[in-house]
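Since every read-out is calculated from the coordinates, none of them should be taken as a lab result. As the structure is a prediction and not an experimental result, all values here were calculated from the model. Counting neighbours? That spans all protein chains shown, and the Cβs are built from the backbone with ideal geometry, glycine included.
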Amino acid sequence: MKVQFLKKIKIEYSLALVALVVLFILSSIASPYFLQVGNLLNILKQVSYSGIIGLGIAFVIIAGGIDLSVGSMTAFIGAIAILIVNALGGGLWAIVCAWVGAVALGAICGLFNGFLVTKGRIAPFIVTLGTMAIFRSLTLYIGNAGQFVSHSSMYGDMGMSSVLGVPTAIWIFFLLAFLLSGLLNRTRFGRYCCAVGANEKVAGYSAINVNFTRMVTYVITGVMVGVTGLLLSSRMNSINSSNTAVNFEMDAIAAVVIGGTPMTGGRGTIWGVVIGAVILGMINNMLNMLSVSAYLQGTVKGLVIIAAVFIQRGSGKGARA
């Protein structure tokens, strides 16, 4: 049974990898500018923000849940981080406090979602749809429907920083992917997430604390949102209360699904999320280079998500056979 499970994961992971390679080749042919180092780094940087959130949502989906609140939560946490930086003078100490405060706030927001899902026994879709409205509303209220602007040049420099010529956001994205991949594949908690998502009742009979496991997945997602909120707000040195991180939940969930994690839960890969995020970034990049209307990019993204789910169904039947 374990061999069959690993085979199924490998098939879906390989499909995403093949899609990435094919898209890379087609993009290279379609535009001579695609292979420029600056363009490739720009793609990775753009997908890092929603990709980091996707790393957390992967745990939620694997455990049988969903989180639609991450975009609004990102704007909310980014706004609070800027308020902390401004209140403490904008120096190094202020930025450290903003980091700690944003990650802690993300964990609290995630815990709130997880508590309502597990203890409140409310469907995850309904809970996170509600908190999506709550977080956006709070951001609009605190900012008076305007912008949160950082008065610290150091905070803005942090968001635009790079290491060895590679933007810091990319380094953080891959570092978190490495750490969370280990958490999913090499720890008891990771196995519990898969068990809960595959069959909640059987997991309970196996002495797994289903509620605790599921709640922790929302906390992990909240922490990832906190990191993204910091990176995004420091990159722009501001947060727009009305449109910052809009549709981030769609991008993050799409990356998870394209990377081979089924919406039914029970299995998934973290590196598949990375591949899925890069695929989305490459698609957006090529659409821009080919001067395709921005209004049609959502259509393409939606079709890609539907195709990914359809392919998963086909590969799942093949694995079961």
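Quick notes on this one:
- Largest-first principal axis extents, alpha carbons of segment 181-321, Å: 54, 40, 24
- When D251, D67, D157 are arranged by Cβ crowding within 10 Å, least crowded first, meaning fewest neighbours, the order is D157, D251, D67.
- The mean sequence distance of close C-alpha pairs (under 8 Å, at least 6 residues apart), as a share of the length of segment 2-320, puts its relative contact order at 35 percent.
- Projecting label points 7 angstrom from Cα along Cα→Cβ for F115 and Q147 puts them 3.5 nm apart.
- Extent along principal axes [Cα atoms of segment 30-161; Å; largest to smallest]: 48, 47, 26
- At least 24 Å along the helix axis (C-alpha) and Kyte average at least -1.0, DSSP helices within the chain: 2-30, 37-62, 70-87, 92-118, 124-142, 168-186, 210-236, 270-289, 294-320
- With neighbours defined as other Cβ atoms within 10 Å of a residue's Cβ, the residues W271, W171 order from fewest to most as W171, W271.
- Burial order of peptide ranges 235-244, 78-87, 284-293 (average beta-carbon count within 10 Å, highest first): 78-87, 235-244, 284-293
- Reducing segment 190-209 and segment 90-158 to their Cα centroids gives an inter-centroid distance of 30 Å.
- Spacing of the two label points (7 Å from each Cα toward its C-beta) at L40 and T187, in nm: 3.2
- If R0 is 22 Å, the Cβ-Cβ spacing of L296 and L129 corresponds to a FRET efficiency of close to 0.25.
- Hits among aspartates and glutamates - C-alpha to C-alpha of K301 under 20 Å, sequence gap 8 or more where chains match: E12, D67, E249, D251
- Cβ-based net charge around I53, under 12 Å, with every Lys or Arg adding one and every Asp or Glu removing one: -3
- Helical content alone sets the calculated 222 nm signal of the chain at -26500 deg cm²/dmol, taking -39,500 (n - 2.57) per DSSP H segment of four or more residues and averaging over every residue.
- Local net charge near L184, Cβ-Cβ under 12 Å (Lys/Arg +1, Asp/Glu -1): +4
- In this rough spin-label picture, where each label sits 7 Å from Cα along the Cβ direction, the S31-A87 distance is 4.2 nm.
- Count Lys and Arg as plus one, Asp and Glu as minus one, and take only other residues whose Cβ is under 15 Å from that of I66; the net charge is then -3.
- Scattering profile of the chain at q = 0.11, 0.12, 0.14 Å⁻¹ [log10 I(q)/I(0), Debye over alpha-carbon scatterers]: -0.68, -0.81, -1.10
- Ascending count of other beta-carbon atoms within 10 Å, so fewest first, for V219, V300: V300, V219
- Long-range HN-HN contacts of S162 with modeled amide H, under 5 Å: T168
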